1. What is the number of the single condition among (1) assigned to a loop (DSSP other than H, G, I, E, B); (2) in contact with a helix residue (DSSP H, G or I) (Cβ under 8 Å, 6 or more places away or on another chain); (3) modelled with pLDDT of 95 or more that Phe98 does not meet?
2. Ala248 fails exactly one of the following numbered conditions: (1) of a type in the set (A, V, I, L, M, F, W, C); (2) away from the ligand (no atom under 16 Å from the Cβ); (3) closer than 18 Å to Ala133 by Cα. What is the number of that condition?
3. Give segment 38-71 a look and list any residue that's closer than 14 Å to Ser105 by Cα, open to solvent by 10 Å² or more (accessible area, probe 1.4 Å) and outside any loop (DSSP other than H, G, I, E, B), or say none.
4. Mind telling me which of the residues Lys216, Lys236 ends up being of a type in the set (Lys, Arg) and within 14 Å of the ligand (Cβ to nearest atom)?
5. Mind listing whichever residues of segment 63-87 are more than 22 Å from Tyr100 (Cβ to Cβ), touching a Lys or Arg at 6+ places or on another chain (Cβ under 9 Å) and without any contact (Cβ under 8 Å) to a residue 60 or more places away in the chain?
6. Tell me whether segment 110-124 contains one or more residues that are open to solvent by 20 Å² or more (accessible area, probe 1.4 Å), closer than 19 Å to Val153 by Cα and assigned to a helix (DSSP H, G or I).
7. Against the condition open to solvent by less than 70 Å² (accessible area, probe 1.4 Å) and closer than 30 Å to His69 by Cβ, how does Gly229 come out, does it pass?
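The values are calculated or read from the model by the stated rules, or taken from the named source; none is laboratory data. Since this is a predicted model, take the numbers as computed values, not measurements. Cβ placement follows ideal geometry from the backbone for every residue including glycine, while neighbour counts extend to all protein chains displayed. Protein only, heavy atoms only, side chains kept; ligands, DNA and RNA dropped before computing areas. Shrake-Rupley method; radii C 1.70, N 1.55, O 1.52, S 1.80 Å.
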Amino acid sequence: MTEKLKGKRITNLEVTQPRCLNVSVKKFQRIRAKTVGETKARGKWLFTNLDPDDNLLLNLGMGGDLLYHENTITLPKKYQFRLVFDDKTGLTVTFSWFGYIHLASKKDLPKHKMTNKLGISPLDREFTAEKLASLLSGRRGAIKSFLLNQKNVAGIGNVYVQDILFKAKLHPLRMIPTLTEPKIQALHQSMQEILNLSIRLGGLKYERDLYGRYGKYGPEYYLVAYKTGEPCPVCKTTIAKIRTGGTASYICPRCQKR
Ligand SMILES: [Zn+2]
């Protein structure tokens, strides 16, 4: 989005589902004539700076499309929100269920309740192994629930966490205080590898990028996730599905000892 949209000026907007907004449609008009800046991601939220001091906050909820259009010919039949830019290109937002289209000025952003408690993105330059170690320091509980809690680290969901733990040879119920420094480094490394693999492949198979192209990250790339009964890619032990707290986990019982 930064590559494609930065520098474009918003000339028009269309809202077909006002309840996705955090302000009235009338108040939303303030983004007209503003210039699009950089976009950053944290968890499910995208933050797009609108020059000079406004921010468009998008969250596709359970899924949806964020599509860039060179012209109006490729517009989808249904969309909840559309931006038109000064060069006649545009952006549409479509939710498969429900999502959020919010505005927050620079001053109000720290008060935006749905995002102000989000943790650091695991792909942020500042997210080093030392940073992860400091986040884990003094914490109790199991590692999997820590990783899924968006207040700790924002951006890991139930598909990715399975393979991240497997690659780091960690049982999902492994208690945080027992993690050694090399283990934390292995976990950090594994987070980068698994998430970047998916990004390189354009995301999950049912997800589309800005240009409408589907991702290629599917079960053939998963290591243990959703592979109950199949052999572990490292030691050939049968992959098991276990209950861990409120979620299901897929593990190799040999590589990921409790
Ligand atoms: Zn194994």
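1. Every listed condition holds for Phe98 apart from (3).
2. Going through the list (1) of a type in the set (A, V, I, L, M, F, W, C); (2) away from the ligand (no atom under 16 Å from the Cβ); (3) closer than 18 Å to Ala133 by Cα, Ala248 breaks only (3).
3. Within segment 38-71, Phe47, Asn49, Asn55 qualify.
4. On the way: Lys216 fails: within 14 Å of the ligand (Cβ to nearest atom).
Result of the check over Lys216, Lys236: Lys236.
5. Passing the criteria: Glu70, Asn71, Thr72.
6. Looking through segment 110-124, at least one residue is open to solvent by 20 Å² or more (accessible area, probe 1.4 Å), closer than 19 Å to Val153 by Cα and assigned to a helix (DSSP H, G or I).
7. Details: open to solvent by less than 70 Å² (accessible area, probe 1.4 Å): yes; closer than 30 Å to His69 by Cβ: no.
When the stated conditions are applied, Gly229 does not pass them.
Rundown of residues vs (1) modelled with pLDDT under 95; (2) over 24 Å from Ala129 (Cβ atoms); (3) not in a loop (DSSP other than H, G, I, E, B), yes/no style:
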| site | (1), (2), (3) |
| --- | --- |
| Pro177 | no, no, yes |
| His188 | no, no, yes |
| Ile199 | yes, no, yes |
| Gly229 | no, yes, no |
| Lys241 | no, yes, yes |
| Cys255 | no, no, no |
